[in-house]
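The values are calculated or read from the model by the stated rules, or taken from the named source; none is laboratory data. Keep in mind it's a predicted model, so treat the numbers as computed, not measured. With ideal geometry, Cβ positions are generated from the backbone for all residues, glycine too; neighbour counts draw on all protein chains shown.
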Amino acid sequence: MTADDNGDSTGAFSAATGRSLEDSSGANQRRYRAYQLSLIEPHCGPSVLEVGAGLGEFASQFHGLERHVVTDVDPGAVASMATRFADRPEVEARVLDLSEGAIDLGQPVSSVVAINVLEHIEDDAGALRALATMTEPGGRIVLFVPAYMQLYGDFDRAVGHVRRYTPRTMTAAIQNADLRPELVKPVNFLGGIAWWVTVRRGGVGAPNPRLVRVYDRFVVPVTRTVERRITAPFGQSVLAVARVPS
């Protein structure tokens, strides 16, 4: 397990998430992270570059990979992940600021995962092109982004969201980066409703930790069951899979 802690974006993790590096509230979202993994993992190959991995809470769910490069723009978060995954030889912790372009991975990866990253970047197509240079020809870039500007509110502004996506605007960004969209769909329908009621219409500046725990315990299992049977017409997030040209 190696770590590369260059960069000067200390504090970026807190600015982008509203959490400190010592904040363990991510543990309150165990079921939600498992739900995300169930959507994302089927599209991943044996080597994964995870962008904006934060404290490694999502990354910790991956097992059996040949190589897993976890990155964040914040050197403090990268150092935290280096410690967290010190006993995982397949894991590398690196600083990556997509606004500055790609980094040298030595060998490209078969898949990239970027959860709640692209909405922070003004030139999203440029960021996707940078990700493509770090991906094997024919590989996939899996994106999970906040959905629908109708849900955009004070929390989005506070954490630096440039936009929220629809399937149409996500598809356009992928095509503008000369990638091929394989899958683009809204997910987490019930989460979108809950976000609208509590954060957008309710005027709450940030998700309430108590409500997050309730949501994770009771709403996420229902969401997973419902979305196995139907395609959500709307959601809190958009899931997208882009294929890198071979």
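Table: residues versus (1) surrounded by fewer than 23 Cβ atoms within 10 Å (Cβ to Cβ); (2) within 13 Å of the chain's Cα centre (by Cα); (3) closer than 26 Å to P167 by Cβ; (4) of a type in the set (D, E).
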position: E57; (1), (2), (3), (4): yes, yes, no, yes
position: G64; (1), (2), (3), (4): yes, no, no, no
position: T71; (1), (2), (3), (4): no, yes, no, no
position: S80; (1), (2), (3), (4): yes, no, no, no
position: A125; (1), (2), (3), (4): yes, no, yes, no
position: L128; (1), (2), (3), (4): no, no, yes, no
In the stretch 5-53, what residues are at pLDDT 95 or above, under 17 Å from E100 (Cα atoms) and not aliphatic (A, V, I, L, M)?
E50, G52
Go through (1) of a type in the set (V, I, T); (2) within 24 Å of R163 (Cα to Cα); (3) in contact (Cβ under 8 Å) with a residue 60 or more places away in the chain and name the single condition I121 misses.
(3)
Across the stretch 178-209, which residue is nearest to the chain's Cα centre (by Cα) among those that are of a type in the set (D, E, K, R) and either at pLDDT 80 or above or assigned to a strand (DSSP E or B) (or both)?
K185
Please state which of the following conditions P89 fails to meet, knowing it meets all the rest: (1) of a type outside the set (K, R); (2) touching a residue at least 60 places away in the same chain (Cβ under 8 Å); (3) part of a loop (DSSP other than H, G, I, E, B); (4) under 26 Å from A172 (Cβ atoms).
(4)
The correct count of residues that are assigned to a loop (DSSP other than H, G, I, E, B) and exposed (fewer than 12 other Cβ atoms within 10 Å of the Cβ) in the stretch 221-246 is 5
